1. Just a yes or no: is a residue in segment 261-273 among the β-branched types (Val, Ile, Thr), open to solvent by less than 20 Å² (accessible area, probe 1.4 Å) and closer than 23 Å to residue 38 by Cα?
2. If the Cβ limit is 6 Å and pairs must be 6+ apart or interchain, which residue in segment 288-305 that is without any contact (Cβ under 8 Å) to a residue 12 or more places away in the chain pairs with which residue that is of a type in the set (A, V, I, L, M, F, W, C) and near the ligand (Cβ under 10 Å from one of its atoms)?
3. Mind listing whichever residues of segment 304-319 are open to solvent by less than 10 Å² (accessible area, probe 1.4 Å) and either outside any loop (DSSP other than H, G, I, E, B) or away from the ligand (no atom under 14 Å from the Cβ) (or both)?
4. Do the conditions hold for residue 217, that is, is it modelled with pLDDT of 95 or more, of a type in the set (Gly, Ala, Ser) and farther than 29 Å from residue 190 by Cα?
5. Being of a type in the set (A, V, I, L, M, F, W, C) and not in a loop (DSSP other than H, G, I, E, B) is the filter; apply it to segment 321-344 and report the residue that is nearest to residue 67 (Cα to Cα).
6. Count, please, the residues in segment 274-298 that happen to be within 15 Å of the ligand (Cβ to nearest atom), open to solvent by 10 Å² or more (accessible area, probe 1.4 Å) and not hydrophobic (A, V, I, L, M, F, W, C).
7. Would you be able to say whether some residue in segment 167-189 is within 30 Å of residue 131 (Cβ to Cβ), of a type outside the set (Phe, Trp, Tyr) and more than 20 Å from the chain's Cα centre (by Cα)?
8. With the structure loaded, tell me whether residue 301 is assigned to a loop (DSSP other than H, G, I, E, B), away from the ligand (no atom under 11 Å from the Cβ), open to solvent by 10 Å² or more (accessible area, probe 1.4 Å) and not hydroxyl-bearing (Ser, Thr, Tyr) or whether it fails that test.
Amino acid sequence: MGCVTGKNPLGLMVLVSSLLLSGLSLASELPSAEAIRSALKQAHERYQGLDDGANADYIPALAKVDSDIFGIVLVTVDGKVYSVGDVKSEVSIQSISKVFTMALVTEEKGVDALPKNVGVDATGQVFNSIHAIEQHKGHEMNPLVNAGAITTTSMVEGKGYNDIWNRILRYYSDFAGRELTVLEDIYHSEAETNQRNQAIAHLMYAYGHIEGDPLQATDIYTRQCSVGVNARDLGIMASTLANAGVNPVTGKALVDPENMPEILAVMATAGLYDDAGKWLYRTGLPAKSGVGGGIVAVSPGKFGIAAISPPLDEVGNSVRAQKAIADISAALGGNPYQVMPYKK
Ligand code: DON
């Protein structure tokens with residue numbers, strides 16, 4: 001698997017020296033510990049009592065998850081972990097997993113493979129749209145909607161089901177900095193009811209995007225969506241994306257820094273589905289949601305932040321997590337588009 005230390009050590013050196021020569025510094029100023037603690041506490045207090053939205057129920061087991069779970073974790077790129085609320089309860093990672101499988105395939109096959117086979121544009125359709133596939137015969141999608149994500153999973157290298165699955169789980173675990181496992185009740189519930197995803201995979205196969213068995217790709221995808229994560233895991237995973245692909249807590253390099261801008265760009269374009277534009281307008285943060293109730297967001301070079309709260313709005317994004325992350329990032333200057341005029 002390619003990473004800073006493996007595939008392209010020269011690339012990193014060139015990047016670092018060209019940044020230094022151009023006078024840019026690698027580390028932007030990080031918010032103070034006091035400011036972070038206060039922003040987390042305020043957001044948790046402000047939204048804990050908000051009970052808008054409802055758990056997803058199209059996967060029956062998701063309806064049974066405790067709707068009161070509410071935890072927020074922010075991890076700075078120097079590896080400091082700040083948390084508030086319930087940071088231990090696990091929910092299924094769901095669509096947030098799509099980012100990490102996208103990163104894995106990008107590492108294995110380079111930045112041109114996914115745009116070529118899947119696309120990197122917002123579809124303008126719901127995340128499990130069949131119409132979007134038909135519109136361009138499976139092109140012009142992105143790795144964060146179901147058709148693109150199942151296809152992305154089908155592109156992971158490996159000799160058969162177990163080998164591919166183990167690579168995916170290993171990669172996610174390295175992002176979280178601990179051994180993650182599958183929530184089997186969620187997996188079985190989704191596997192019994194994922195006929196629509198099976199149809200999507202067959203269509204992507206029919207249009208030549210999936211090679212091999214489309215049902216195997218759907219099943220591995222279903223398994224990856226059922227991985228259990230708590231808010232701390234997601235916070236560390238987000239901070240790895242913020243820290244040019246290096247887990248700031250364990251120090252493990254997982255994505256070549258040169259590949260990170262493309263991954264963050266797709267998160268910015270399509271991370272919150274039909275509301276990706278509204279989210280970006282409000283926060284400027286590349287982010288990804290999942291129907292389990294988690295959201296990860298990235299302030300590049302500064303911090304990763306995650307929140308878990310299962311009740312979702314009508315689009316499928318956690319109500320409390322969106323609000324909490326937006327407020328915290330605003331309080332800490334997380335929006336990468338927000339700069340001050342240059343002083344001569
Ligand atoms: O395939 C599905 O429908 C789920 N496993 C994942 C969907 C999801 O998380 C979309 N999120 N907003």
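The values are calculated or read from the model by the stated rules, or taken from the named source; none is laboratory data. As the structure is a computational prediction, the values presented were derived from the model and not from experiment. Cβ: placed from backbone, ideal geometry, glycine included. Neighbour counts: every protein chain shown. SASA here: full protein model, heavy atoms, side chains in, ligands and nucleic acids out. Shrake-Rupley method; radii C 1.70, N 1.55, O 1.52, S 1.80 Å.
1. No.
2. Correct list of pairs: empty, since none qualify.
3. 304, 305, 306, 307, 308, 318
4. Against the criterion (modelled with pLDDT of 95 or more, of a type in the set (Gly, Ala, Ser) and farther than 29 Å from residue 190 by Cα), residue 217 does not qualify.
5. The qualifying residue nearest to residue 67 (Cα to Cα) is 321.
6. Residues meeting the conditions: 3.
7. Yes, segment 167-189 contains at least one residue that is within 30 Å of residue 131 (Cβ to Cβ), of a type outside the set (Phe, Trp, Tyr) and more than 20 Å from the chain's Cα centre (by Cα).
8. yes
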